Amino acid sequence: MSPSLERPPFRTDERTALVDWLDLQRQILRWKCEGLGEEDARRSVVPTSPMMTMAGLVSHMRWVEHTWLEVLFLGGDESTNPSFDESDEDADWRTDGIPLSQLLSDYESQCARSNEIVAAASLDDVGRHPKFNATKVDLRWMLIHLIEETGRHAGHADIVRELLDGTKGYY
């Protein structure tokens, strides 16, 4: 893996710093998928976490973005998001044979939509969804959480990729 990623500027405004750090973590997750075949994208290498595949990680993160910004922040309909499926706690990790390229494209689209939502709002605006304590959380907190969760799962992707084929790399 040959990295071409750079950290955000050392000095910038708060919104730019938050979005740029989130974008970097998103890029790292996508980068860890480069060159993977379909079989490896779905191969489980962590016996105690069989859903943690590269495809599963990408799917999960797509729905995490949707959860926080479209559902909780904008007040959207949670019924379209498998994360809210109470009958299957891993529903957002399931890829049901969707090609990795499509999962990555869906994730890319969701990230672009998330960035549009963030650009149109104040960091002090709070969530609109009446459930899940969304109205207690401002956009700033949600972005920090997304940076944390995306970074954590990008780290998982780093380990999964190394276990799959020995490929290592840090930006």
Qualifying residue in segment 2-18 (condition: over 16 Å from Ala154 (Cα atoms) and under 17 Å from the mean Cα position of the chain (by Cα)):
yes
Tally time: how many residues in segment 1-58 are of a type in the set (Gly, Ala, Ser), under 16 Å from Ser105 (Cα atoms) and not in a helix (DSSP H, G or I)?
2
Which residue pairs have Cβ atoms closer than 8 Å, lie 6 or more positions apart in sequence or on different chains, and pair a first residue in segment 9-20 that is over 18 Å from Trp141 (Cβ atoms) with a second residue that is among the polar types (S, T, N, Q) and surrounded by 10 or more Cβ atoms within 10 Å (Cβ to Cβ)?
Pro9/Thr16
From the list Thr53, Thr67, Thr16, Thr48, which residue is β-branched (Val, Ile, Thr) and over 22 Å from Glu89 (Cα atoms)?
Thr16
Scan segment 113-166 for residues that are over 22 Å from His60 (Cα atoms) and polar (S, T, N, Q) and jot them down.
Ser122, Thr135
Identity of the residue in segment 67-91, over 23 Å from Leu139 (Cα atoms) and not polar (S, T, N, Q), that ends up surrounded by the fewest Cβ atoms within 10 Å (Cβ to Cβ)
Glu86
Hey, does segment 124-133 have a residue that's among the charged types (D, E, K, R) and modelled with pLDDT under 95?
yes
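Listed here are the residues, each with its yes/no results for (1) farther than 20 Å from Leu139 by Cβ; (2) of a type in the set (Asp, Glu).
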position	(1), (2)
Arg43	yes, no
Met54	yes, no
Glu65	no, yes
Trp93	yes, no
Leu104	yes, no
Tyr107	yes, no
Ser114	no, no
If I go through segment 96-110 residue by residue, how many of them are surrounded by 14 or more Cβ atoms within 10 Å (Cβ to Cβ) and acidic (Asp, Glu)?
2
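The values are calculated or read from the model by the stated rules, or taken from the named source; none is laboratory data. Computed from a predicted model, the values in this text were never measured in an experiment. All Cβ positions, even for glycine, are placed from backbone atoms using ideal geometry, and neighbour counts span all protein chains on display.
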